[in-house]
Amino acid sequence: MPDDKLTSTLTRFRAYLAEKGMRRTPERDIIALKVARMTNLFDVEAVKAAIEADGQHVSLATIYTTLNLLVECGLLRRHRLGNNSAQYEKAAAGAKANHFLTICTQCGKIKEVKDIALIQFMNSLRVGAFKVQYYQLYVHGICNACSRRAKRLEREQAKAQAMEQRRLEREQERLKSKE
Ligand SMILES: [Zn+2]
């Protein structure tokens, strides 16, 4: 990201803090700058990891409250996706704000889907006099990895059951032969 973009993010955030009578702190600056460099969706943990990768440290609580301030001042958008922790993204306008996401209800994995036909359909959508700014579609279900894991478990259970069944049959035959 060009430096002027980073500067404008910081300027806007500082102006917001001043307006609200809140203190400007080095931690808040670090977080705002880090967030300005993030791409796609990210959560509190991801911001913490990115800050720590620079050898800096900011508490999760500070990151959390700062992200909320960034949402309030319009620099970030927050998503609440099922039971997962809140996800954030930079508040871009237009096509960049459009999302079609699949969310796994088991492991919480979020994936962006690029469906040309759907994008074309959504772009052509007219909702009366309502002026569409952006859309976000959340599709909840079971991801590939989780359904493979479930199938494997099922197979293992079936196998264990079959073995137990054979053991019981052999046991019965043995008892019969003793009679
Ligand atoms: Zn999953």
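The values are calculated or read from the model by the stated rules, or taken from the named source; none is laboratory data. Computed from a predicted structure; not experimentally measured. Cβ atoms come from the backbone with ideal geometry, glycine included; neighbour counts cover every protein chain shown.
For every residue, the table says whether it meets (1) more than 27 Å from His140 (Cα to Cα); (2) surrounded by fewer than 16 Cβ atoms within 10 Å (Cβ to Cβ); (3) of a type in the set (A, V, I, L, M).
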{"residue": "Ala18", "(1), (2), (3)": "yes, yes, yes"}
{"residue": "Glu52", "(1), (2), (3)": "yes, yes, no"}
{"residue": "Gly55", "(1), (2), (3)": "yes, yes, no"}
{"residue": "Ser59", "(1), (2), (3)": "yes, yes, no"}
{"residue": "Leu76", "(1), (2), (3)": "no, no, yes"}
{"residue": "Leu81", "(1), (2), (3)": "no, no, yes"}
{"residue": "Lys90", "(1), (2), (3)": "no, no, no"}
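Considering only residues that are free of Cβ contacts under 8 Å to residues at least 40 places away in the same chain and within 25 Å of Ala86 (Cα to Cα), which ones fall in segment 123-140?
Selection gives Val132, Tyr135, Leu137, Val139.
Regarding segment 122-138, can at least one residue be identified that is surrounded by 11 or more Cβ atoms within 10 Å (Cβ to Cβ) and within 16 Å of the ligand (Cβ to nearest atom)?
yes
Residue by residue, here is whether (1) surrounded by 10 or more Cβ atoms within 10 Å (Cβ to Cβ); (2) over 38 Å from the mean Cα position of the chain (by Cα) holds:
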residue: Cys146; (1), (2): yes, no
residue: Ala150; (1), (2): yes, no
residue: Glu156; (1), (2): yes, no
residue: Ala162; (1), (2): yes, yes
residue: Glu169; (1), (2): yes, yes
residue: Glu179; (1), (2): no, yes
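Within segment 1-30, track down each residue that is assigned to a loop (DSSP other than H, G, I, E, B) and not charged (D, E, K, R).
Met1, Pro2, Gly21, Met22, Thr25
Of Thr39, Thr25, Thr62, which residue is assigned by TED's automatic domain parsing to the domain that holds Ser8, of a type in the set (Ser, Thr, Tyr), under 27 Å from Lys5 (Cβ atoms) and within 13 Å of the chain's Cα centre (by Cα)?
The unique qualifying residue is Thr39.
Do we have any residue at all in segment 99-115 that's within 30 Å of Arg37 (Cβ to Cβ), out of contact with any Ser or Thr (no Cβ under 8 Å at 6 or more places or on another chain), loosely packed, with under 10 Cβ neighbours inside 10 Å and modelled with pLDDT under 85?
Checked against the condition, which is being within 30 Å of Arg37 (Cβ to Cβ), out of contact with any Ser or Thr (no Cβ under 8 Å at 6 or more places or on another chain), loosely packed, with under 10 Cβ neighbours inside 10 Å and modelled with pLDDT under 85, segment 99-115 yields no hits at all.
Please specify each residue of segment 34-50 satisfying the condition of being surrounded by 16 or more Cβ atoms within 10 Å (Cβ to Cβ), of a type outside the set (D, E, K, R) and part of a helix (DSSP H, G or I). Steps first, answer last, please.
Going through segment 34-50, the residues surrounded by 16 or more Cβ atoms within 10 Å (Cβ to Cβ) turn out to be 34-36, 38, 41-44, 46-48, 50.
So of that shortlist, the ones also of a type outside the set (D, E, K, R) come out as 35-36, 38, 41-42, 44, 46-47, 50.
Residues satisfying the conditions are Val35, Ala36, Val44, Ala46, Val47, Ala50.
Which of (1) farther than 18 Å from Tyr16 by Cβ; (2) in contact (Cβ under 8 Å) with a residue 40 or more places away in the chain is the odd one out, the single condition Leu70 does not satisfy?
(1)
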